[in-house]
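Working notes for the structure below.
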Amino acid sequence: HEEVTALSGVTKGKPRQLGGSGSGSSGDGTTNVASDTNSKISYDIKAWDDSDKFQALCRGENLRSEAYISSLTCYHDHRGEAYFYLMPAKVERLHHDPEILKFHHMLSDAEIQEIKKIAKPLLARSMVQGMKGKGNTVSNTRT
């Protein structure tokens, strides 16, 4: 059976202002970013932090605390729909903010095979812009 992951509330909050007032670089790969000019909140971003976290996640390491993980739940949800009263959706909460939910057993094996059959001729390897306008190229690090 297929599992579906959904994102909701991804656009919560104000976009961060990068550059201008409230931002600065210390020259050591660290950038100080304030969420807006009226905010006192700031934090340090190191260029290698994202890469290290990405690599750790790819290795299957868990970057969340045990307390946070224990706050995540699984439940059955009818979503206010008559069909789901008879067969409620199996929902797993993966993250609180932004809310990320995983829906289990939403498609039958036959439905999965039909979707694959329809989609296969439409799929192509993604590419990124080459350096200095040399066209598109395949990247093993960007997906």
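Derivation of every value follows stated rules applied to the coordinates shown; laboratory data play no part. As the structure is a prediction and not an experimental result, all values here were calculated from the model. Cβ atoms come from the backbone with ideal geometry, glycine included; neighbour counts cover every protein chain shown.
A Förster distance of 41 Å, applied to the separation of the beta-carbon atoms of GLU114 and ASN62, puts the FRET efficiency at 0.75. One decimal place: the segment ARG79-HIS104 gains 7.6 nm when fully extended, by the rule 0.36 nm per residue minus the C-alpha distance. A Stokes-Einstein calculation at 20 °C with viscosity 1.002 mPa s, built on the Kirkwood radius of the stretch 65-139 over Cα pairs, returns a diffusion coefficient of 130 µm²/s. Projection of the Cα convex hull of the stretch 95-143, averaged over all directions and equal to a quarter of that hull's surface, yields 6.4 nm². Label separation (ARG93 vs SER51): 3.6 nm, computed from points 7 Å beyond Cα along the C-beta direction.
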